[in-house]
1. How many percent of DSSP beta bridges within the stretch 40-149 run antiparallel, rounded to 5?
2. Can you work out the Karplus-derived ³J(HN,Hα) for every residue in the stretch 191-208? Use 6.51 cos²θ - 1.76 cosθ + 1.60 with θ = phi - 60°, whole Hz, and x for glycine or proline.
3. Of all accessible surface on the stretch 218-368 at a 1.4 Å probe, what whole percent is carbon and sulfur?
4. Got a sec? Charge dipole of the chain, +1 on Cβ for Lys and Arg, -1 for Asp and Glu; which of Ala128, Val45, Ala25 is way out at the positive end?
5. With no solvent and one equal point scatterer placed on each C-alpha of the stretch 175-262, evaluate the Debye formula and give log10 I(q)/I(0) for q = 0.19, 0.20 Å⁻¹, two decimals.
6. Tell me the carbon and sulfur percent of the accessible area for the stretch 4-96, rounded to whole percent, probe radius 1.4 Å.
7. Would you mind checking which residues have amide H under 5 Å from Gly284's amide H? H placed 1.01 Å from N; only 5 or more apart, or other chain.
8. Residue by residue through the stretch 165-177, which ³J(HN,Hα) values in whole Hz follow from phi under the Karplus form 6.51 cos²θ - 1.76 cosθ + 1.60 (θ = phi - 60°), with glycine and proline marked x?
Amino acid sequence: MDPRIVEKLLNLAIQIQQIPAPTFAEGARAAFIRDRFQKEKLAEVASDEVGNVYARLPGTESAPPVVVSAHLDTVFPASTDLRVTRDLEKISGPGIGDNAVGVAGLFGLLWALRRSGKQLPGDLWLVANMGEEGLGDLRGMRAVVKRFKHGPLAYIVLEGMALGHIYHRGLGVRRYRITARTPGGHSWVDHGQPSAVHELASLITRLLELPLPAEPRTTLNVGVISGGFSVNTIAAQSDLELDLRSESMETLNDLAAQVKALVKRANRPDVQVTAEAIGRRPVGEIPSDHPLVTLAAHALKTAGLQPSLNIGSTDANLPLSLGLPAICLGLTLGGGAHTLDEYIYTRPLAFGLSQLVSVVQGLYRQID
């Protein structure tokens, strides 16, 4: 891969990373990408009703298109200090790997294809989409799949990190907001009255006692808890956000049923506990010997990397759940995802971009 393209991609990734883009507030970053698509003189640059940004690199024939997407949003609030540090090997900064370099990868793919001088037989659609993180609930990818349906040869989802991994299986996810309500009161005068905070604390203890199978791998996590008004108040309301995941839909549904049963049993006079579904990521997969998977694995091996077939919770879940050919690919290596110390390594990016170009071009060779 041309090192000038890699350096250009990295510089663009930093520009993207510097624009705050928390889930549901990705508009400024989307506008930046739309402007860059237009400057590249791509066709049909447009946004849809949820804010996804689309651009088309025209093909030379009437072959089916390929859709390559990367999510715009990050887990970090708009107030986060986004300063970046860089040395010869590494770039550090919140959101640089997840997913600024992934979004920049859309342009890296475009530049590399143009540099090759070989036009694709079908259209290449580049999509910067909304709502992958947290409570975004894949709303951007839902709109993408609704638009293209079964038409594309493949959906290729880009993540900045995890180079070497080919995510061809979608991990099932259920998310709930559990709320406890009580009459509340004064910590001294009304001592003994139920506290919403205490009720949820007890419920969390019971949740953590639920048996989770190692196979299929299944997890439970309370990621957020809030409530109460002051230190000397018996809390009248408290909320938690619960994340359930499993490789098996049956196991996930069973775990969700156990959670709902615990919530129901937590109710008693003066204590109301409810569970509201706030997120759902469907399970889906294509076989490990699917041509798309073998193509991506071959591209990695050609680059001197050992492919790892994997399961993950990504935008690819949505097309996979509908039986559509889809994979998620990482562009480089890094660490500290979803922390202020997030970082990527710069040298492996050349391999990740080469892999992406090989997969896109290889899809059309398969149908020649």
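The values are calculated or read from the model by the stated rules, or taken from the named source; none is laboratory data. Not measured: the values here are computed from a predicted model. Ideal geometry is used to build each Cβ from the backbone, glycine not excepted, and the neighbour counts take in all protein chains shown. These area figures cover heavy atoms from the full protein model, side chains too; ligands, DNA and RNA do not enter into them. Shrake-Rupley method; radii C 1.70, N 1.55, O 1.52, S 1.80 Å.
1. 60 percent
2. After applying 6.51 cos²θ - 1.76 cosθ + 1.60, I find 3, x, 6, x, 9, 4, 5, 5, 4, 5, 4, 5, 5, 4, 4, 5, 4, 6 Hz.
3. Reported share for carbon and sulfur atoms: 52 percent.
4. With unit charges placed on the Cβ atoms, the residue in question is Val45.
5. The Cα Debye sum returns log10 ratios of -0.81, -0.87.
6. Exposed carbon and sulfur together represent 53 percent of the surface.
7. Gly170
8. 8, 10, 8, 10, 10, x, 7, x, 9, 10, 10, 9, 9
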